[in-house]
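A short reminder: the numbers here are calculations on the coordinates, not readings from a lab. No experiment lies behind these values; they were computed from the predicted model shown. Counting neighbours? That spans all protein chains shown, and the Cβs are built from the backbone with ideal geometry, glycine included.
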Amino acid sequence: MKKYLLIFFILFFLHACSSKTESKKNKVTLKVCSYNTHYFFKGYTALKRAILSLNCDIIALQEVLQKNKIDYAKKIAKLQGRFYGASKPYQYMNKKAQWLLSFISKYPITSISEKWIGHSRKALKVEVTVSEKTITFVTTHLIPFTWSKGNLFAANIRRSNMRLIELKNMVNWVGKNKTNTILLGDYNSIPIMGELGILDKSGYIDVYDKLGISNHGTFPLSSYIYRTAKKYLPVSKVIVFDYIFISKEFFVKKAYVVKLSASDHYPVIAELEFLSN
């Protein structure tokens, strides 16, 4: 009897070890990033170095410069030997220069689509195959605050309402409670405004909230804007404009901001884990 019990426990132990090993094998880590490039204002070389230094698997870019029909983020993707997808222009600086939304991906992009979500704002959606699993990525760049002269309070309330409409349109397009979905972008919204609550209600959670920590900021304010903003909102000198929201399947290992000087924004990064198919 003791002999059979010993065999049983040995087999049980081997099975448990095997299950743990198999579970570990199925876990995939994905490093994702959102970065507003400030229309390459500080130059192609600065942005190229910044993007390469981040070493992300998938990076969502906003305010990507297209000038004389040259897409500068596409050049960086080509340099890396990576997959690339971009929107058509959503903002025009002049006849020769426009802004795009784009993705640079280590993994194959299997589909790409875009949609106007406001008068001058788009959302870009790509599907990416990672370890035989299809993951949906969406990026956008919402309408910004205004600090020009006039009734700043009234002007920014209007813009807040515009952002709410843009977010609702984006969620209606992407879908509520979608699985395997990651939303990234420059939302031009600080948490106290409450505009981003629609994403939480729709089944998407900020990676920082999932970790139970605070995002220390992705957009440093100039002295003038800081003094002006303080009259209306309890803001710090570096505020949060850039976010990564995820659906419930993802486990967040780490989330952080990298203080690079290649743009007026800092990139926000999350290291995510999920089970492969």
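Structural remarks
- Inter-site label distance for Lys78 and Trp116 at 7 Å from Cα along Cβ, in nm: 3.0
- Under the combined filter of DSSP loop state and at most 14 neighbouring Cβ atoms within 10 Å, segment 220-254 retains these trypsin sites (Lys or Arg not before Pro): Lys231, Lys237, Lys248.
- Against the main long axis of the alpha-carbon atoms of the chain, helix 152-174 sits at an angle near 40°.
- Proximal lysines to Lys168, defined as alpha-carbon separation beneath 16 angstrom and excluding residues fewer than eight positions away on the same chain: Lys115, Lys122, Lys125, Lys176, Lys178, Lys201
- In loop segments of segment 116-209 as defined by DSSP, the trypsin sites (Lys or Arg not before Pro) with at most 14 further C-beta atoms inside 10 Å of their C-beta are Lys149, Lys176.
- FRET efficiency for Arg49 and Glu132, using Cβ-Cβ distance with R0 set to 51 Å, rounded to 0.05: 0.95
- Base-10 log of normalised Debye intensity for the chain (one unit scatterer per alpha-carbon) at q = 0.07, 0.09, 0.14 Å⁻¹: -0.29, -0.45, -0.99
- Value of Rg to Rh for segment 171-215 (Rh from inverse mean 1/r over Cα pairs, i.e. Kirkwood): 0.94
- In this calculation the C-beta distance from Tyr256 to Asn177 is compared with R0 = 22 Å, giving a FRET efficiency of 0.20.
- Unit Cα scatterers, Debye sum, segment 212-277: log10 I(q)/I(0) for q = 0.22, 0.28, 0.29, 0.30 Å⁻¹: -0.95, -1.22, -1.26, -1.31
- Of all lysines in the structure, those lying under 18 Å Cα to Cα from Lys237, and not within fewer than 8 positions of it along the same chain, are Lys259.
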